[in-house]
1. List the lysines whose Cα lies under 23 Å from the Cα of Lys446, skipping any in the same chain that are fewer than 8 positions away.
2. Could you calculate the FRET efficiency of Arg349 with Leu552 from 1/(1 + (r/R0)^6), where r is the beta carbon distance between them and R0 is 56 Å, rounded to 0.05?
3. Per-residue HN-Hα couplings for the stretch 349-362, Karplus 6.51 cos²θ - 1.76 cosθ + 1.60 at θ = phi - 60°, whole Hz, x for Gly and Pro?
4. Please list, in chain and number order, the residues 5+ apart from Leu304 or on another chain whose amide H is under 5 Å from its amide H, with Hs placed from the backbone.
5. Quick one: work out the % antiparallel among DSSP beta bridges in the chain, nearest 5.
6. For a paramagnetic label modelled at 7 Å from the Cα of Glu256 toward its Cβ, which residues of the stretch 427-471 fall within the zone defined by backbone nitrogen distances under 15 Å?
7. Taking R0 as 51 Å, what's the FRET efficiency between Glu317 and Arg99 from their Cβ-Cβ distance, rounded to 0.05?
8. Taking amide H atoms as placed 1.01 Å from N in the peptide plane, list the residues 5 or more away in sequence, or in a different chain, whose amide H sits under 5 Å from that of Ile109.
Amino acid sequence: MAAQGASSSSFSGSFTNCYDVFLNFRGEDTRNNFTGFLHRALKREGINVFIDDDELCSGEEIRSALLEAIRGSRISIPVFSKGYADSKWCLLELTEIVRCHRSNCGQIILPIFLDDIEPTDVRHQTGSFEGSFQKHEEKFGVQTIQSWKEALNLVGGIKGYHLKQVNWNQSKLIDLVVDRVLSESSSNRMGDVKNPIGLDSRVKYLLSMVNVGSSEIQFVGICGIGGIGKTTIAKSLYNRILNSFHSCCFLANIKEEASGPNGLVSLQEQLICNVSKRRVDRKIWNVDGGKELIKQNLQGENVLLILDDVDDRSQLEAFAIEFNWFGSGSRIIITSRDEHILNVAKVDRGNIYWPEELNDEQSLQLFSLHAFSRDQPPEDYKQLSKDVLHLAGRLPLTLEVLGSAFCDIREKEEWKSKLEDLKRIPHEEILQKLKISYDILKDNEKSIFLDAACFFVGWRKETVISVWDACGFNPVSAIKKLTQRSLIKFTNAGFYINNRSYSYEVLRMHDQIQAMGRGIVFEESPSEPSKRSRLWYSDEILAVLEEQKVKLFP
């Protein structure tokens, strides 16, 4: 801490964050060696560490902000060195650590014994600790130092890590400590992303939007089509920032979970358990009762809450999405395919993140990892891989699924045959994943979507609206819904005549979404095109017309 002191990055302002680890050590002994190395190793693993670089003047009381940092940490690591007991500040910090350990928050203590320090020296203040305590007794009196002795007695009895037991190998000892910290702090973590291609830049952008550390309560949305990576981005962000909040919860697959028996009630119980760190004592009989219990548990809490794959207003209401139910600095992040859901949650448009597709290089890399288990395809398969990407678009979902579909194919002719099949029929697994967005549409919205997929990509907005209006489809509201669900979009286009520009909007659709729509129509009658509701391939159209001609004029 100080020239004589303990520990731990400089800290200022009110304490709102929860740390994973608090480092308690004598700076003069270990700041520039063992503790410094341990700090860097923990940070590399994404562990949120508090390490104080400020020096305290002699006689200064321990800062309230430092006490709050100790109280807000899940794990404390005292590093016992030869000069540790010389520092009043180390001992004051340790006393507070023990108070937290004994309290209901149950803080974990992982002691480390350096040099020739033995646990018994710490417990009974012998060895190098004995002389230090004689000086403290003369300066502060027996009563003052009694609490320090009690703290040392308790911590010295906790099974820790001794440098001597790893043959004085600091690197090995640091690895053991980091592994233990990771295991202790992993209970709330989501599974890591296996192939995080292009993920880092997207999470960094979202981090700037989330602005962890500010005291405002913030609702953030991640919106886009199925397969764009919304959940993956949310998981990565959650793992990166969860230790900055007192409580955290990731409610995954809400749409799917809510459809099961008592689905919303089960999700409510999960949220309460995560926030309160205990089982739900009261039985939740219905959603309204769960909302009341959530309100009681969330009130004033500094919370990170992820609501993943929300597609209905009732799901939002089940978790009592009201700003005044959360404590200062809380972040509520909602992923959805439907922008309307985010509007219902009162997410400011500036707080909605629309993930972009991967670029060509990232797409090829992700596909190759799944198809060849390497980040680039073999040279003689490079062009074939690019041909697959042309069909897949640049959605992470389609790249992963198609890469897996091609992973066992090693004959070029078989690749080419598979490619020809994909040009006509989307891969079954992709179709089922993307079809979720279609299934929940109303009948007229489905009709407009299928028309768009089969015929109208690239057409002017006013033209397609007039066609659908003539069919009695109420296109304005349907188009709004399809746009909100990221199934279609309109982009600006234009032309120049006589040095004047003319602009208009044209209908656009992701290649894979279009393929999904056409696949739905194809499945109406795979072997008989005449029985399908829509035809767009010229060969099939001519064949059906010839068939009808024969029937009409035998």
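1. Lys255, Lys423, Lys433, Lys435, Lys461, Lys480, Lys481, Lys489, Lys531
2. Calculated value: 0.50.
3. So the J values, rounded to whole Hz, are 4, x, 9, 9, 9, 9, x, 8, 5, 5, 7, 4, 5, 5.
4. Ser247, Cys248, Cys249, Arg331
5. 25
6. Inside the label zone: 429-437.
7. The calculated FRET efficiency here is 0.80.
8. Long-range HN contacts for Ile109: Ser76.
The values are calculated or read from the model by the stated rules, or taken from the named source; none is laboratory data. Computed from a predicted model, the values in this text were never measured in an experiment. Neighbour counts run over all protein chains shown; Cβ positions are idealised from the backbone, glycine included. Protein only, heavy atoms only, side chains kept; ligands, DNA and RNA dropped before computing areas. Shrake-Rupley method; radii C 1.70, N 1.55, O 1.52, S 1.80 Å.
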